[in-house]
Structures are given as C-alpha cells and as structure tokens.
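Peer 1: Structure below; questions to follow.
The values are calculated or read from the model by the stated rules, or taken from the named source; none is laboratory data. Nothing here was measured: the structure is a model prediction, and the numbers come from that model. Backbone-built Cβ (ideal geometry, glycine too); neighbour counts: all protein chains shown. Just the protein is used for accessible areas: all its heavy atoms, side chains included, with ligands, DNA and RNA removed. Shrake-Rupley method; radii C 1.70, N 1.55, O 1.52, S 1.80 Å.
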Amino acid sequence: MRKKIVAGNWKMNNDLTQTEALLNDLRKQRKTSFAEVMVAPTFTNLWHAYEALRKADIEVIAQNMHFAENGAYTGEISASMLKTVGVNTVILGHSERRAYFYETEEMLAKKVDTALAHKMRVIFCFGEELKDRKSENHFNIVESQIKGSLFHLKAEDWKSIVLAYEPVWAIGTGETASPEQAQEMHAFIRKTIASAYGEEIAQNVSILYGGSVKPDNAAEIFSKPDVDGGLIGGASLKAGDFFAIVNAI
Ligand code: 13P
C-alpha cells in the first residue's frame, strides 16, 4: 500500500540558530501521525538536524545532490556525503533547481540513478508553469518531465520513488491548485505510470502535492484519492503550521 507522507522543504532558509529553534519546536510538538514526516534543512544543518530529530520519528532529508560519486565539482554534495550524515532520502528536480540552476531532464535522470545506486529514496518533483496551464499544455509537460527522468528505471526501482507534483504557479504564490486540479493531475500521473509499468506499481507510488499548502487548505487537498500527502515550503518553517498540515491527513 502506498504511504502518506508530509515533507517540509525549508529551502535556503534558517541559519544554525534558527534551525535549532525550529528543531526544538518540532521535537516538542511532535505527536504520532498517520503520515510519515520529513524535513529538508539546508546542507550545513543536516547533521545537526539528524542528531536532533533521530528520536522524534522525523526523517531528515536533503534538498538536492550531485550525480557524480566525487571529484572536481566545486560546491557540490554527493550521495555518500549525504548518507554519512544520516540522510537516506533526497528531493530531486525541484522547479527552483530547474529554473535557477538549469537542471535538465537528462541531468535529473543521472541524479536519480546515483541516488538509487546508493539505496536512497527520491522525492522527484515536477510541474508545469502558468503559461503551460493557460495553453492547456500542462498534461504534456508533466508527462514529458516524468518520462524524461524516470522512465528508464526498472520496475523494482519504483519502490524508492516518491513523486511530488508542484505546479510552478502555485509555489510560494499563495495560489494553490484547487483540490480538483490536484486530483485530476495526480490521476493522470498514475495513469501515465500504469501505462508503462502496470497498475500495481502505479497504485503503490506515493504522489505528493506541493504549492502553497497551508493549515487551512491541506485537509481538502489531502482528501482527494490520488493525493498521498504534501511537500510543504513556507508553512513548514513554523512547527505549529507544519504539524497542523501533517495532522490534516
Ligand atoms: P510553498 O509551500 O512555499 O508554496 O512551496 C512549495 C514547495 O516548493 C515545496 O517544495
């Protein structure tokens, strides 16, 4: 059965002092939840977060990594570096990585392969821009993003893949996809996977929604049958809001 997951993507927010305060709040406010809970601090705070949350049943995950094993890639972070600080899950393909750091489908396919070779779980992000939705090209865009980076995988690899549909126009804008728009796209994604890998794999992959999920809209979005949780940006920076979203599942 597919898992329910709520992951907080802290992006480039929170220095060490702010991270400590948030980790403290998370520890204090953590209650048992139906969903798996994850947070993605910035690289410099991963080890600290891992140590702080190891007994709180909150997984610490990374926001990105490089595809190479090691070498002359100034400023980059490898899979084994992440694993040695307790990280076993990585977000790949976030629209901010695609837009500002020119990550391509091919590059992301390599990153996915490296993560899987290191037995890491991948939260693979994708989603259309506003212009694509306006021109009714959003299904094509999403299909090509998934196919371009994931359809070379073997059936068994899908056990380590979580998908995150994040329409770019809904990220950090306060404008969220309606629960119906999210459901429609998630059902389409599942159908696309079923067409290549069969119904069982498609039914077992968790598909998260991301883009302006807040405590007051989470329950309605999560109530849709193909929405298995959320990838939360802004609202994950306050423990109270984040757990309100976690509890909305
Ligand atoms: P917001 O929740 O701030 O819109 O960000 C969503 C996101 O990009 C999570 O990865």
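Peer 1: When the range 143-162 is examined, which residues are found to be buried (at least 19 other Cβ atoms within 10 Å of the Cβ) and among the hydroxyl-bearing types (S, T, Y)?
Peer 2: S149
Peer 1: Grab the helices (runs of 4 or more DSSP H) fully contained in the range 159-249, keeping just those with 3 or more residues being under 24 Å from D132 (Cα atoms).
Peer 2: 179-197
Peer 1: Could you list, in sequence order, all residues of the range 84-128 that are more than 16 Å from the ligand (Cβ to nearest atom), small (G, A, S) and in contact with a strand residue (DSSP E or B) (Cβ under 9 Å, 6 or more places away or on another chain)?
Peer 2: Across the range 84-128, the qualifying residues are G86, A115.
Peer 1: Search the range 150-161 for residues that are within 14 Å of M120 (Cβ to Cβ) and pair each with any residue that is loosely packed, with under 11 Cβ neighbours inside 10 Å and aromatic (F, W, Y) when their beta-carbon atoms are under 6 Å apart and the residues are at least 6 apart or on different chains.
Peer 2: Short answer, once both residue conditions are applied: none.
Peer 1: Is there any pair linking a residue in the range 166-179 that is of a type in the set (F, W, Y) to one that is open to solvent by 20 Å² or more (accessible area, probe 1.4 Å), with Cβ under 7 Å and at least six apart or on different chains, and which?
Peer 2: Taking only residues 6 or more apart or on different chains, the pairs are W169/E129; W169/L130; W169/R133; W169/E175.
Peer 1: Related question: Looking only at the range 129-177, which residues are of a type in the set (S, T, Y) and within 16 Å of the ligand (Cβ to nearest atom)? Full working, then the answer.
Peer 2: Going residue by residue through the range 129-177, those that are of a type in the set (S, T, Y) are 135, 144, 149, 160, 165, 173, 176.
Within the range 129-177, Y165, T173, T176 meet the criteria.
Peer 1: Hey, another quick one. Could you list all residues from the range 123-142 that are in contact (Cβ under 8 Å) with a residue 40 or more places away in the chain and open to solvent by 50 Å² or more (accessible area, probe 1.4 Å)? Spell out the reasoning first.
Peer 2: Going through the range 123-142, the residues in contact (Cβ under 8 Å) with a residue 40 or more places away in the chain turn out to be 123-129, 138-139, 142.
Those that are in contact (Cβ under 8 Å) with a residue 40 or more places away in the chain and open to solvent by 50 Å² or more (accessible area, probe 1.4 Å): E129, F139.
Peer 1: Filter the range 178-194 down to the residues that are touching a helix residue (DSSP H, G or I) at 6+ places or on another chain (Cβ under 7 Å) and within 16 Å of the ligand (Cβ to nearest atom) and list them by number.
Peer 2: Correct list: P179, A182, M185.
Peer 1: When the residues of the range 4-21 are filtered to those that are within 11 Å of the ligand (Cβ to nearest atom) and not in a strand (DSSP E or B), which remaining residue is surrounded by the fewest Cβ atoms within 10 Å (Cβ to Cβ)?
Peer 2: N13
Peer 1: Further question on the same structure: Out of everything in the range 207-243 that is small (G, A, S) and surrounded by fewer than 18 Cβ atoms within 10 Å (Cβ to Cβ), what residue ends up being farthest from the ligand (Cβ to nearest atom)?
Peer 2: Ranking the candidates gives S223 first.
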